[in-house]
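Asks: I have a structure here, written as structure tokens, and I will follow up with some questions on it.
The values are calculated or read from the model by the stated rules, or taken from the named source; none is laboratory data. Treat the numbers as computed from the prediction; the structure is a model and nothing was measured. Every residue, glycine as well, gets a Cβ built from its backbone with ideal geometry; the counts of neighbours run over all protein chains shown.
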Amino acid sequence: METKLFSKYFIGITLINFIIFFVYYLLMVIIAFVAQNNLNATVSQAGLAAGIYVIGTLIARLVMGKQIELIGRKQVLRYSAIFYLLTTISYLFTPSIAILFIVRFLNGLAYGFISTATNTIVTAYIPDNQKGKGINYYGLSTSLAAALGPFIGMLLLNLTNFKFIIWVTIILVLIVTVCCFLFPVKNIILSEDQVNVLKSFSINGFIEKKAVFISTIAFIMGISYSTVITFLSSYSKSLDLSVAGSFFFVVYALIVTVTRPGMGQLFDTKGEKYVMYPSYIFLTIGLIILGFASNSLTLLLSGAVIGFGYGTFMSNGQAISLKLVTEDRIGISLSTYFIGLDLGLGIGPYIMGIIKSHMSYQNLYLLASILPMLCLMTYFAAKKKYN
């Protein structure tokens with residue numbers, strides 16, 4: 001275990017993770033548009049092209065959370081990087097919507113495999129007394145990717161074409177693949193009992209029960225935040241604020257960058273409740289501001305508040321799932337957490353899209369703002385058990 005946080009290994013795996021997530025978010029924001037305009041897909045087919053990726057990711061997390069320690073962290077990182085590269089190249093050969101579905105599913109599998117590997121490997125380079133701080137700094141790679149990916153994706157889509165964007169992502173994933181083979185990874189040594197548990201087909205081999213609570217909270221938070229990534233473009237256009245809307249995620253990224261280190265330190269010194277309660281409250285406030293946005297200032301202000309709320313939750317929820325378990329269960333615990341988060345982000349657009357057909361954007365965001373408050377009350381009711 002490392003004794004200092006900012007080792008070259010911690011920085012290295014964090015940068016690798018950033019590129020992995022950056023490619024994911026860049027493609028996620030443009031794929032529905034490409035499906036409709038390049039492959040003549042219907043709106044529902046375009047939505048499925050985006051969502052089927054999440055299905056692949058969920059399956060990968062469920063399987064790899066259990067298998068990563070059995071196969072070995074080094075092998076999973078390297079082989080999944082190759083798989084991620086091959087499936088990214090496959091986007092160049094998608095003549096029909098059916099083929100795109102297959103490529104998206106396989107690319108989602110690959111992303112799920114490699115992101116599970118990086119999320120597990122980084123824990124070996126975070127000192128025990130700096131778990132919150134370490135995960136928050138590492139989490140910057142995810143949050144910045146979630147902000148910059150959509151921004152760069154939309155920018156490239158306006159300036160270039162789908163083929164050019166795919167070549168950009170291929171080059172990025174190729175860099176990741178090379179780095180994964182150069183990066184030193186130590187596999188952990190399992191006892192016979194630990195191996196037997198991981199090889200079994202019991203629920204304990206796939207899901208970490210201790211992380212189910214925070215995973216459920218992540219699921220609800222994911223549904224709430226999905227209204228932002230799914231409908232912000234259309235909403236800002238309806239308000240004639242498209243320019244401000246394009247900078248929403250830039251503001252989000254800046255706030256996350258500034259606040260993450262401090263919230264991680266607070267997590268370590270004061271405890272999780274001092275960061276979790278604000279995350280619920282600020283996401284609620286941010287969604288309310290977004291619902292009532294009438295000019296660029298209020299729209300960007302909502303981006304800042306939402307960035308603090310959801311960005312704080314993402315990394316600290318991960319830190320909670322990490323501290324609950326022993327080293328041999330880290331992969332399964334993190335997998336359980338991200339299954340909840342990804343599932344919320346995956347089915348949220350579908351659920352909230354159905355609801356949107358019966359109400360205005362304003363009312364949709366006000367409805368979404370209730371969900372973090374539901375999380376707060378649930379967390380408060382169970383805090384004695386999970387603190």
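Asks: Among the residues of region 251-266, is any among the basic types (Lys, Arg), in contact (Cβ under 8 Å) with a residue 60 or more places away in the chain, in contact with a Leu (Cβ under 8 Å, 6 or more places away or on another chain) and farther than 24 Å from SER360 by Cα? Break it down into steps so the answer makes sense when it comes.
Replies: Residues of region 251-266 that are among the basic types (Lys, Arg), as a first pass: 260.
Going one step further and asking which of them are in contact (Cβ under 8 Å) with a residue 60 or more places away in the chain, we end up with 260.
Narrowing the set further to residues that are in contact with a Leu (Cβ under 8 Å, 6 or more places away or on another chain) leaves 260.
Checking which are farther than 24 Å from SER360 by Cα leaves us with 260.
Yes: one or more hits.
Asks: Looking at region 55-103, which of the residues that are within 30 Å of SER215 (Cα to Cα), crowded, with 21+ Cβ neighbours inside 10 Å and of a type in the set (Ser, Thr, Tyr) is nearest to the chain's Cα centre (by Cα)?
Replies: Step by step, filter region 55-103, then rank; the result is THR57.
Asks: Does SER215 fit the bill of being modelled with pLDDT of 75 or more and small (Gly, Ala, Ser)? Explain how you work it out, then say what you get.
Replies: Values: modelled with pLDDT of 75 or more: yes; small (Gly, Ala, Ser): yes.
Spelling it out, SER215 is indeed modelled with pLDDT of 75 or more and small (Gly, Ala, Ser).
Listed here are the residues, each with its yes/no results for (1) at pLDDT 85 or above; (2) aliphatic (A, V, I, L, M); (3) part of a helix (DSSP H, G or I).
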{"position": "ILE289", "(1), (2), (3)": "yes, yes, yes"}
{"position": "TYR310", "(1), (2), (3)": "yes, no, yes"}
{"position": "GLN318", "(1), (2), (3)": "no, no, yes"}
{"position": "ILE332", "(1), (2), (3)": "no, yes, yes"}
{"position": "TYR337", "(1), (2), (3)": "yes, no, yes"}
{"position": "ASP342", "(1), (2), (3)": "no, no, yes"}
{"position": "TYR350", "(1), (2), (3)": "no, no, yes"}
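Asks: Sticking with this structure for a sec: Answer yes if at least one residue in region 232-252 is at pLDDT 90 or above, under 19 Å from the mean Cα position of the chain (by Cα) and within 19 Å of ASN316 (Cα to Cα), and no otherwise.
Replies: The answer is no, given that none of the residues of region 232-252 is at pLDDT 90 or above, under 19 Å from the mean Cα position of the chain (by Cα) and within 19 Å of ASN316 (Cα to Cα).
Asks: So, one more: Filter region 6-60 for residues that are at pLDDT 80 or above and of a type in the set (Gly, Ala, Ser) and give the result.
Replies: If the condition is that a residue be at pLDDT 80 or above and of a type in the set (Gly, Ala, Ser), then SER7, GLY12, ALA35, ALA41, ALA49, GLY56, ALA60 are the ones that fit.
Asks: Another question, if that's okay. Go through (1) in contact with a helix residue (DSSP H, G or I) (Cβ under 6 Å, 6 or more places away or on another chain); (2) within 23 Å of LEU140 (Cβ to Cβ) for THR269 and report which single condition fails.
Replies: Status for THR269: all satisfied but (1).
Asks: Additional query: In region 30-46, which residues are more than 18 Å from LEU109 (Cα to Cα), within 24 Å of the chain's Cα centre (by Cα) and touching a residue at least 12 places away in the same chain (Cβ under 8 Å)?
Replies: ILE30, ALA32, PHE33, VAL34, ALA35, GLN45, ALA46
Asks: Still on this structure: Quick one: is GLY307 over 26 Å from ARG61 (Cα atoms) and of a type in the set (Gly, Ala, Ser)? Walk me through how you get there before you give the answer.
Replies: On the way: over 26 Å from ARG61 (Cα atoms): no; of a type in the set (Gly, Ala, Ser): yes.
No, not satisfied.
Asks: For residues that are among the hydrophobic types (A, V, I, L, M, F, W, C) and touching a Gly at 6+ places or on another chain (Cβ under 6 Å), scanning just region 60-82, find the one that is nearest to ILE170 (Cα to Cα).
Replies: Initially, region 60-82 is screened for residues among the hydrophobic types (A, V, I, L, M, F, W, C), giving 60, 62-64, 68, 70-71, 76-77, 81-82.
Restricting the remaining residues to those that are touching a Gly at 6+ places or on another chain (Cβ under 6 Å) gives 60, 68.
Values: ALA60: 21, ILE68: 25 Å.
Taking the candidates together, the pick is ALA60.
Asks: Give me the residue from region 345-384 that is surrounded by 13 or more Cβ atoms within 10 Å (Cβ to Cβ) and basic (Lys, Arg) and, out of that set, farthest from SER279 (Cα to Cα).
Replies: The qualifying residue farthest from SER279 (Cα to Cα) is LYS356.
Asks: Quick one: which residue in ASN40, ASN17, ASN107 is outside any helix (DSSP H, G or I) and closer than 26 Å to PRO349 by Cβ? Steps first, please.
Replies: Working: ASN17 fails: outside any helix (DSSP H, G or I); ASN107 fails: outside any helix (DSSP H, G or I).
Sole residue among the options that is outside any helix (DSSP H, G or I) and closer than 26 Å to PRO349 by Cβ: ASN40.
Asks: Take ILE68 and tell me if it is under 27 Å from ASN187 (Cα atoms) and touching a residue at least 12 places away in the same chain (Cβ under 8 Å).
Replies: Values: under 27 Å from ASN187 (Cα atoms): yes; touching a residue at least 12 places away in the same chain (Cβ under 8 Å): yes.
The answer is yes for ILE68.
Asks: Within region 253-282, which residues are modelled with pLDDT under 85 and in a helix (DSSP H, G or I)? If you could, list the steps in order and put the result at the bottom.
Replies: Of the residues in region 253-282, the ones modelled with pLDDT under 85 are 253, 257, 260-261, 264-265, 268, 271.
Residues satisfying the conditions are ALA253, THR257, ARG260, PRO261, GLY264, GLN265, ASP268.
Asks: Please indicate, with yes or no, whether at least one residue in region 121-133 is within 17 Å of the chain's Cα centre (by Cα), in the same structural domain as GLY12 (by TED's automatic domain parsing) and modelled with pLDDT of 85 or more.
Replies: So far as region 121-133 goes, yes, one or more of its residues are within 17 Å of the chain's Cα centre (by Cα), in the same structural domain as GLY12 (by TED's automatic domain parsing) and modelled with pLDDT of 85 or more.
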